[in-house]
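Quick note: the coordinates plus some simple rules give every number you see, no bench work behind them. Note that this is a predicted model, so its numbers are computed, not measured. Don't worry about glycine lacking a Cβ; one is built from the backbone with ideal geometry, like all the others, and counts go over all protein chains shown.
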Amino acid sequence: MVKHIARLMLKMNSWFFIVVAGLFLAVYIAPVYFSDSGTFTSYQIYDVVTKVEHQLDAFQDKNDEDRKVFVIDIDESSLAALASEYGRWPWSRSVMAEFIEYLSIAEPAAIGIDVIYSDPDLNDIDGDEYLNEVVTSLSSVYLSALRLPQHNDKLSAIRTTLLPNIDAKENINEDSTVAMLLPFLSGALESQRFGLTNFAHLLTDDGIVRHYPVAMDLNGYRIPSLASQLARATGVQLPRENQILLNYLSANENVDVLSFNATFTRLKAEDEALLKKLNQAVVIIGSSAPGLFDIKTTPISNETPGVIILASAVENLINNNWYQELNSLPGLFFLILMLLFGLIRFIKGSSVESADAIFIAMDGLALALAAIMLVASKNFADISFASHFALAFYIVCRVFQVIYNQQLRQGRLLIGHKGHAKLDLVCGSYHFETAPGNSHKLKTALYKKSPFIAVSSSIFDTDVGLLAEYASQGGLFYSIVPEGEGAKVQQDIESAIQKFSIGENKVMSTVDLLTLQENSLSSLREVLSEKLPRLLHLANAGK
């Protein structure tokens, strides 16, 4: 396999690296045409920036007067405090009804209930009726609904026309049915004051919540999420896209979390400060209690309550603070830029050390640019994945180059090449004498040049190999070139070695030239077995 790769590289020359670059480019852009994802997307920078900003935000003072979204959290302390009066969860619906009645005194812009009421409580019909009366009388209350798997649609009796719709499209199917869990309360159903709260379809393979739905397309209708319903109640215009990339930092600054039990007590006491704070705000009632199983993984935490994610989406929509996801062009531009640099490096043969460093620096620059764009302009461009992809191209080509050079050094590539019936063998030895203290310096200089001590354009133009082996304080080498090139290579080798004569340091060389009459590996081995021992002796003897 190794030999075949090397021979292919010999045959294709520079076109080999161009083809590899083309393959990487094709793999990167293929999803644009074969899927809805645009390209492969990495949220590495988004996750890091979000987590860092969230941690830094914890040390900043916040202005309560700027809050527009409040979460009333049915937390563990509330469950424990109210257990003696209302029992274990789920409480009677009359508890929620009473809470909402007290809350309505503050006249919030919208009240969202992040609790699913899809079935009546047969053991507490009065509580259901009480909650329905409250929801019916208050036009600001919105409930939650769940979208069920699509394969259940044909079994459902719920018509799409019964659902809230924020943008009807053409060619709608009015007879279509959809599988959903709707709130059973007639006050919410008849006024269509409910929205979707599940978003599993937006999760990436790692299960991290980064997006939130604005709406879901169903049979020609655009069914809003609960976050959209609550934001729209404040008078804002919703975005055209069906999902937004959440800005959790903005939510940290503008969302306040209040305990259900403490808030209930203050509302009953008609706390003026609290009523003023909640006036014209969006209030979301939900739970952070782990026992209620509404916990998700986000960039800010592995245990983020679903109600906090919902509140983040509402805040982003109200304040127009979500992150805009740019298309694939910035990443594609950066990928092409790095591929071109890599091609220049492999085709022109620039310094390996400097090229490697520059390529790694370009990958780091892509990460920095993506982070700066996210923080400064609220635009997310997936440059980092493109740069990692280009880095993978560079690594692959470096591996191929190592394979190729290894085959050159072993003298395998031109042996049996149909384009050259005869080959010139240039072989020789070198020895150096140096002043005390300079031996290591000169040997290091020679080592850095190996295995290309003779820097000859004829060598590289014809894709031939040059091998340098060290013996004591000297070395020996051989180069295989097409017939007629040997004399020029011999001259170049001698010239290159003489350049290492520095001050009191003196480098001596012995170079022989021989044309191989038979183009075969066995012929080469036979000649080298005769030539190289003598040259090795000369190198060790310093002659």
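Going by C-beta contacts inside 10 Å, put L185, L367 in order with the fewest on the left.
Taking fewest neighbouring Cβ atoms as first place, the list is L367, L185.
Full-extension gain between N152 and I360, please, as 0.36 nm times their residue separation minus the C-alpha to C-alpha distance.
Contour length minus Cα-Cα distance gives 69.9 nm.
Please compute the length gained on full extension between S191 and V399, using 0.36 nm multiplied by the number of residues separating them and subtracting their Cα-Cα distance.
Contour length minus the Cα-Cα distance gives 68.3 nm.
Can you give me the orientation-averaged projected area of the convex hull built on the Cα atoms of the range 185-316, in nm²?
The Cα convex hull of the range 185-316, projected and averaged over all directions, gives 9.9 nm².
For the range 44-324, what percent of Cα pairs sit more than 32 Å apart?
For the range 44-324, the share of Cα pairs beyond 32 Å comes to 22 percent.
Over the range 44-324, what is the relative contact order in whole percent, taking alpha-carbon pairs under 8 Å and six or more residues apart?
31
Please list, ordered by chain and number, the residues whose modelled amide H lies under 5 Å from the amide H of Y142; skip anything fewer than 5 residues away on the same chain.
Long-range HN contacts for Y142: I111, G112, I113.
Using 7 Å Cα-to-Cβ label points, what is the E272/T136 separation (nm, one decimal)?
Spacing of the two 7 Å Cα→Cβ label points: 3.6 nm.
Would you please classify the overall shape of the range 228-300 from the alpha carbon gyration tensor, given that a ≥ b ≥ c denote the square roots of the eigenvalues, rounded means a/c under 1.5, and beyond that prolate means a/b larger than b/c while oblate covers the rest?
It is oblate, given that a/c is not under 1.5 and a/b is not larger than b/c.
According to the square roots a ≥ b ≥ c of the eigenvalues of the Cα gyration tensor, what is the shape class of the range 281-322, taking rounded for a/c under 1.5, prolate for a/b larger than b/c otherwise, and oblate for the remainder?
Oblate is the answer for the range 281-322, as a/c is 1.5 or above yet b/c matches or exceeds a/b.
Under the classification rounded if a/c is under 1.5, otherwise prolate if a/b is larger than b/c and oblate if not, where does the range 276-405 fall, given a ≥ b ≥ c as square roots of the Cα gyration tensor eigenvalues?
prolate
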